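Worksheet: the structure to be examined is printed underneath.
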Amino acid sequence: MIIACSDSRVDPALVLGLGLGEAFIVRNIASLVPPHSKESGHSSGASAIEYAVLHLKVEHIMIVGHSRCGGIKALLGMKEDGSNRFSEYIEDWIAIANNASKTAKAKCSHDSPFEDQWTCCVKESVNVSLWNCMSYPFVKEAVQQKKLALHGAYFDFVNGDFQRWALNYRVDEPESL
């Protein structure tokens, strides 16, 4: 299963050279996975993950972020007090990655070029989504049973670079990455 951004510059089937039927692909703004919640309005992503894990029995889930992601750029521009609210739906969706924005801003100095902060935030948003996947009981169980592995990835379409990393989940230390 691949979870990727809706941006047409980063079609995961093309980027990864996949043929028809080789991957179950879900695309949304900023490649985000919402945390598990039965009350959430984010049921489309949850239902796709459930279908992939429980019915298709996928062995890997890869979340792919990319360079110059507009959703993450918007996230970085959001003020915590909401004083610059710009949308009804997009802002609520990208708020899933608020912790990624905070982490990226803490990691990058204020002197860092915005492009560096942006790249850092995209990668951190992938990490947030990886951990959000683990909030789904059926995902956590499959990972613990070693039937499923979670991977993060970053595609820099400007330089043609593709980076991949694995979620390093251990039962005794569940917050390791």
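The values are calculated or read from the model by the stated rules, or taken from the named source; none is laboratory data. Source: prediction; values computed, not measured. Neighbour counts are summed over all protein chains in view; Cβ atoms, including those assigned to glycine, are modelled from backbone coordinates with ideal geometry. Quick note on the areas: whole protein, heavy atoms, side chains included, nothing else; ligands and nucleic acids left out. Shrake-Rupley method; radii C 1.70, N 1.55, O 1.52, S 1.80 Å.
For the stretch 85-109, a residue qualifies if it is more than 25 Å from Ala46 (Cβ to Cβ), of a type in the set (D, E, K, R) and in a helix (DSSP H, G or I), and the qualifying residues are Lys105, Lys107.
Within the stretch 52-61, the set of residues being open to solvent by 30 Å² or more (accessible area, probe 1.4 Å) and touching a residue at least 24 places away in the same chain (Cβ under 8 Å) comprises Leu54, Leu56, Lys57, Glu59, His60. Filtered by the rule that a residue be of a type in the set (S, T, N, Q) and in a strand (DSSP E or B), the stretch 110-165 gives a lone residue, Gln163. Here the condition is being modelled with pLDDT of 95 or more, closer than 24 Å to Trp118 by Cβ and within 12 Å of the chain's Cα centre (by Cα); of Gly65, Gly45, it holds for Gly65 alone. Restricting Glu115, Glu141, Glu124 to those that are crowded, with 20+ Cβ neighbours inside 10 Å and either farther than 14 Å from Val64 by Cβ or not polar (S, T, N, Q) (or both) reduces the list to Glu124. Taking the stretch 1-84 and the helices (runs of 4 or more DSSP H) fully enclosed by it, no element has 3 or more residues that are among the aromatic types (Phe, Trp, Tyr).
Among the candidates Ser135, Ser176, single out the residue that is at pLDDT 95 or above and among the hydroxyl-bearing types (Ser, Thr, Tyr). So that I can check it myself, show each step before the final result.
On the way: Ser176 fails: at pLDDT 95 or above.
When all the criteria are applied, what remains is Ser135.
Return a yes/no flag: does the stretch 101-110 have any residue that is of a type in the set (A, V, I, L, M, F, W, C), open to solvent by less than 10 Å² (accessible area, probe 1.4 Å) and modelled with pLDDT under 90. Checked the stretch 101-110: at least one residue is of a type in the set (A, V, I, L, M, F, W, C), open to solvent by less than 10 Å² (accessible area, probe 1.4 Å) and modelled with pLDDT under 90. Among residues of the stretch 6-49 being out of contact with any strand residue (DSSP E or B) (no Cβ under 9 Å at 6 or more places or on another chain) and crowded, with 17+ Cβ neighbours inside 10 Å, the one that is farthest from Val139 (Cα to Cα) is His42.
For the stretch 75-97, a tally of residues being free of Cβ contacts under 8 Å to residues at least 60 places away in the same chain and buried (at least 17 other Cβ atoms within 10 Å of the Cβ) returns 3.
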